[in-house]
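Presented below is the structure to which this report refers.
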Amino acid sequence: MRNVRMFIDDERNPKRENFDVVVRSADEAIRWMEKNGCPNYISFDHDLGDGKDAISIVHWMIEKDIDEKGNFIPKDFSFNVHSANPIGARNISSLLNKYLEFRENNYSVFAA
């Protein structure tokens, strides 16, 4: 898959950076990834207008990656959290960083 950059925000548009995909809700992000795979880069907003937040996307991504034995989230995956919600931003970063660190340090779990 080519290098794809996704921006997730229910209100704002991306600034200064080029994004291939802009989605406005958790459901839209998940639907896009189900069809196209996980982007190499995602910029997350936390509070999304559909009553869900980006944590639901991150949980889905992690579960999908585990189901696919570490082959859903690209090895070169990176992300940013541009949310104005400091607690939500910290939760997204913490959960995703901890999972990616676990996956890297325990790659043998996914080789089985």
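The values are calculated or read from the model by the stated rules, or taken from the named source; none is laboratory data. Values in this document were obtained by computation on a predicted structure and should not be read as measured data. In this analysis, Cβ positions are derived from the backbone assuming ideal geometry, glycine residues included, and neighbour counts consider all displayed protein chains. Surface accessibility is based on the protein's heavy atoms, side chains included, excluding ligands, DNA and RNA. Shrake-Rupley method; radii C 1.70, N 1.55, O 1.52, S 1.80 Å.
Kirkwood radius, the range 23-89, all distinct C-alpha pairs, inverse of mean reciprocal distance: 12.3 Å. Residues within the reach of a label modelled at Glu101 (point 7 angstrom out along Cα to beta-carbon, backbone nitrogen below 18 Å), restricted to the range 54-74, are 59, 62.
Using the rule -39500 (n - 2.57) for each DSSP H run of four or more residues, divided by the residues of the chain, the 222 nm mean residue ellipticity is -14000 deg cm²/dmol.
For the chain, the solvent-accessible area of protein heavy atoms averages 58 Å² per residue (probe radius 1.4 Å; ligands and nucleic acids excluded).
If you line up the long axis of helix 86-105 against the longest principal axis of the chain, both from Cα atoms, how many degrees apart are they, to the nearest 10? The angle comes out near 20 degrees. Expressed as a whole percent, the accessible surface of the chain that belongs to carbon and sulfur atoms is 46, based on a 1.4 Å probe. In loop segments of the range 19-69 as defined by DSSP, the GluC sites (Glu not before Pro) with at most 16 further C-beta atoms inside 10 Å of their C-beta are Glu68. Compactness of the chain is given as radius of gyration and Dmax, 13.5, 42 Å, from Cα positions.
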